[in-house]
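The values are calculated or read from the model by the stated rules, or taken from the named source; none is laboratory data. Model, not experiment: these values are computed from the prediction. Backbone-built Cβ (ideal geometry, glycine too); neighbour counts: all protein chains shown.
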Amino acid sequence: MLQSKAVDLAKAADLLKVCMDEMCRLRNQFEDVKKEATDTAQKWSIRPEFEKKRLRTVKGHFSELCEYQRLEDPGSLCRISVYYHTLDIITTQMNFRFTGLHEVLSSFSVLEPISLQNLTDSELYEKASSFVKKYHNDVSETFTQEILSMRSVLKGEISKVSSIKGLANMLIIENHPISASFPEVCTAMLLFLTIPVTTASAECSFSKLKLVKNYRRSTMAQERFEGLALLSIEQGTARKLHLSKVIDRFAEMKGSKEGSNGMVDSALTHLSDVASSRLPLC
């Protein structure tokens, strides 16, 4: 879900909160997880027992506390060294990696429908001013007045939506005649909706390049390379194209017959890579 192009920051934050709550809940349910694992092991004809290993003798020192004592019970050792340890790593990494996401979401809270409904004019003006200071290169100071005016004009419609995405759809699409009166608000909404949650799509595109230009295509020029990379990345759309129509359209765009023949051959070469599945899949 986080790698989906359609998910926005607010939806991603909700998903992460659900996941964090689940991790905290699982930390206190070791016995339930152990029982489930035991049932699964019995179903697969696996002995549901913890492996017992010989503990190495370690010389103790007088300054050591009882917490340094080694656990002899394999079940307790698994619970502390594996189960708790794994969940703590997951929780810590999620908090660390998505701290910036929550900070950005907090900055855009001025656009949240719940904020537009519950905040007073002074509170909303203060939040809008803070937003302008942080994103002064994208929105101007008139944003503070526009957000107050928009709330007064569209107060009834705002109460019917629950997200910034719904608010943008309501203002820019459903009420597009008056959206020109709030250009800075529209810019802020589009800015929020275009901030990616992850860079998975970009990383996938970069990894695709070295698969397209392999050692067999070492003499490939830049233009052909860009065309093949685009076809490979957008292969879902490319496979739905009718090759004959594309070739005819490609030929019609050229004025010279001789030049058209050359371009048609080039188009055939490009599209044949898709048709014959020569391009690597993602």
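Suppose the filter is modelled with pLDDT of 75 or more, small (Gly, Ala, Ser) and within 30 Å of Gly100 (Cα to Cα); does Ala188 pass it?
In short, yes.
Can you give me the number of residues within segment 35-56 that are surrounded by 11 or more Cβ atoms within 10 Å (Cβ to Cβ) and of a type outside the set (Asp, Glu)?
9
Report yes if Ser115 is closer than 22 Å to Pro196 by Cα, surrounded by 12 or more Cβ atoms within 10 Å (Cβ to Cβ), of a type in the set (Ser, Thr, Tyr) and touching a helix residue (DSSP H, G or I) at 6+ places or on another chain (Cβ under 9 Å), otherwise no.
So Ser115 does not fit the description; no.
In this structure, is Ala10 farther than 25 Å from Tyr83 by Cα, within 20 Å of the chain's Cα centre (by Cα) and either assigned to a helix (DSSP H, G or I) or assigned by TED's automatic domain parsing to the domain that holds Glu112 (or both)?
So Ala10 fits the description; yes.
Among the residues of segment 271-281, is any within 23 Å of Met1 (Cα to Cα), modelled with pLDDT under 70 and loosely packed, with under 14 Cβ neighbours inside 10 Å?
Within segment 271-281, one or more residues are within 23 Å of Met1 (Cα to Cα), modelled with pLDDT under 70 and loosely packed, with under 14 Cβ neighbours inside 10 Å.
State which residue is modelled with the lowest pLDDT when the search covers only segment 31-60 and only residues that are at negative phi and of a type in the set (S, T, N, Q).
Result: Thr57.
Would you point out the residue of segment 164-181, among those that are in a helix (DSSP H, G or I) and aliphatic (A, V, I, L, M), that is nearest to the chain's Cα centre (by Cα)? Can you show your working first?
Looking only at segment 164-181, we keep the residues that are in a helix (DSSP H, G or I), and these are 164-174, 176-179.
Right, trim to aliphatic (A, V, I, L, M) and you get 164, 167-168, 170-173, 178.
Numbers: Ile164: 17, Leu167: 21, Ala168: 20, Met170: 24, Leu171: 25, Ile172: 24, Ile173: 25, Ile178: 32 Å.
The extreme case among them is Ile164.
Mind listing just one residue for me: the one in segment 217-256 that is part of a loop (DSSP other than H, G, I, E, B) and under 30 Å from Lys5 (Cα atoms) and, of those, modelled with the lowest pLDDT?
Glu234
Give segment 206-216 a look and list any residue that's in a helix (DSSP H, G or I) and surrounded by 13 or more Cβ atoms within 10 Å (Cβ to Cβ), or say none.
If the condition is that a residue be in a helix (DSSP H, G or I) and surrounded by 13 or more Cβ atoms within 10 Å (Cβ to Cβ), then Lys208, Leu209, Leu211, Val212 are the ones that fit.
For Leu87, state whether it is more than 30 Å from Leu190 (Cα to Cα) and either modelled with pLDDT of 90 or more or surrounded by 11 or more Cβ atoms within 10 Å (Cβ to Cβ) (or both). Reasoning before the result, please.
On the way: more than 30 Å from Leu190 (Cα to Cα): yes; either modelled with pLDDT of 90 or more or surrounded by 11 or more Cβ atoms within 10 Å (Cβ to Cβ) (or both): yes.
Yes: the conditions hold for Leu87.
Of the residues in segment 142-161, how many are surrounded by 13 or more Cβ atoms within 10 Å (Cβ to Cβ) and part of a loop (DSSP other than H, G, I, E, B)?
Of the residues in segment 142-161, 3 are surrounded by 13 or more Cβ atoms within 10 Å (Cβ to Cβ) and part of a loop (DSSP other than H, G, I, E, B).
Which condition number in (1) aliphatic (A, V, I, L, M); (2) modelled with pLDDT under 90; (3) surrounded by 18 or more Cβ atoms within 10 Å (Cβ to Cβ) is the one that Ile178 fails?
Condition not satisfied by Ile178: (3).
How many residues, within segment 128-141, are without any contact (Cβ under 8 Å) to a residue 24 or more places away in the chain and either assigned to a loop (DSSP other than H, G, I, E, B) or buried (at least 18 other Cβ atoms within 10 Å of the Cβ) (or both)?
5
What single numbered condition from (1) in a helix (DSSP H, G or I); (2) modelled with pLDDT of 85 or more; (3) surrounded by 10 or more Cβ atoms within 10 Å (Cβ to Cβ) fails to hold for Leu77?
(2)
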